[in-house]
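Asks: Have a look at the structure that comes next, please.
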Amino acid sequence: MDEVSLPIAAPPERLYDLITDVTQMGRWSPECTGGTWLRGATAPAPGVRFRGSNKHGLMRWWTHCEVTKADRPAAFEFTVRESGMRWGYRFEPDPENAGATLVTEYRDQNRATPAVIKLVQRSGLIGRNREASLVDGMRDTLVRLKAAAEA
């Protein structure tokens, strides 16, 4: 499992609402350009699905995601059908900064990565060191979220 944490001087409810608006994910993520709720959904709840839009260099692709946890203001989590990856966010009181929230973004494999995804990753089309790039992207996401939430 990979995870990155950052203290943010904002209440967990606000941070949860910013992250769970998948239509706005492109504001935070260097790779995900946004999402679209599916089947009439307008907000996260377990079982709700959304389509993610992504871009890395010249490559563009879409993912099909299902929310597995929507526990406002503590946690948000979803799985990605194509990659078998689970992504999530935890929002906890920061023990070192009174009034701040420690936001943790994490990802882990919840099933084997399909062969076609492995081929694309090895091709270099979405970066030479995909794992490091994804961790750097999680860090960038939290830094951007912090800047917006503390502005």
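Each value in this text was obtained by applying a stated rule to the coordinates, not by laboratory testing. Remember, it's a predicted structure, so these values are computed and weren't measured experimentally. Methodologically, a virtual Cβ is constructed for each residue, glycine included, from the backbone with ideal geometry; neighbour enumeration extends over all protein chains shown.
Asks: Are there any trypsin sites (Lys or Arg not before Pro) in segment 16-70 that are in a DSSP loop and have at most 13 other Cβ atoms within 10 Å? List them by number. Write out the running numbers ahead of the final one.
Replies: Values: sites: Arg27, Arg39, Arg49, Arg51, Lys55, Arg60, Lys69; in loops: Arg39.
In loop regions of segment 16-70 (DSSP not H, G, I, E or B), the sparsely surrounded trypsin sites (Lys or Arg not before Pro) are Arg39.
Asks: May I ask you to sort His56, His64 by Cβ crowding, counting other Cβ atoms within 10 Å and putting the fewest first? Before the final figure, lay out the partial values.
Replies: Details: His56 16, His64 13.
Least to most surrounded, the residues fall as His64, His56.
Asks: Which length gain, in nm to one decimal place, applies between Gln24 and Glu150 when the Cα-Cα distance is subtracted from 0.36 nm times their residue separation?
Replies: Numbers: separation 126, 0.36 × 126 = 45.36 nm, distance 1.72 nm.
Working it through step by step, the gained length comes to 43.6 nm.
Asks: Once Lys and Arg get +1 and Asp and Glu get -1 on their Cβ, which of Tyr106, Gly47, Met138 lies farthest toward the positive end of the dipole of the chain?
Replies: Ranked along the dipole, the leading option is Gly47.
Asks: Moving on to the next point. Using modelled amide H (1.01 Å from N, peptide plane; none on Pro or chain starts), what sits under 5 Å from the amide H of Glu82, excluding residues fewer than 5 places away?
Replies: Sorted by chain and number, the residues that satisfy this are His64.
Asks: Counting only the backbone N, which residues of segment 30-59 are under 18 Å from the spot 7 Å out from the Cα of Asp71 toward its beta-carbon?
Replies: Residues 44-48 fall inside that zone.
Asks: Taking 30 Å as R0, compute the FRET efficiency from the Cβ-Cβ separation of Arg60 and Asp17 and round it to 0.05. Let's see the in-between values first.
Replies: Values: r = 27 Å, r/R0 = 0.91.
Here the calculated transfer efficiency is 0.65.
Asks: Using helices alone, I'd like the mean residue ellipticity at 222 nm for the chain: each DSSP H run of four-plus residues gives -39500 (n - 2.57), total over residue count, nearest 500. Walk me through the numbers before you get to the answer.
Replies: Details: 3 runs with 39 residues, N = 151.
Only helices count here, giving -8000 deg cm²/dmol.
Asks: Relative to the longest principal axis of the C-alpha atoms of the chain, give the angle of the C-alpha long axis of helix 130-150, reported between 0 and 90° and rounded to the nearest 10°.
Replies: The two axes meet at around 30 degrees.
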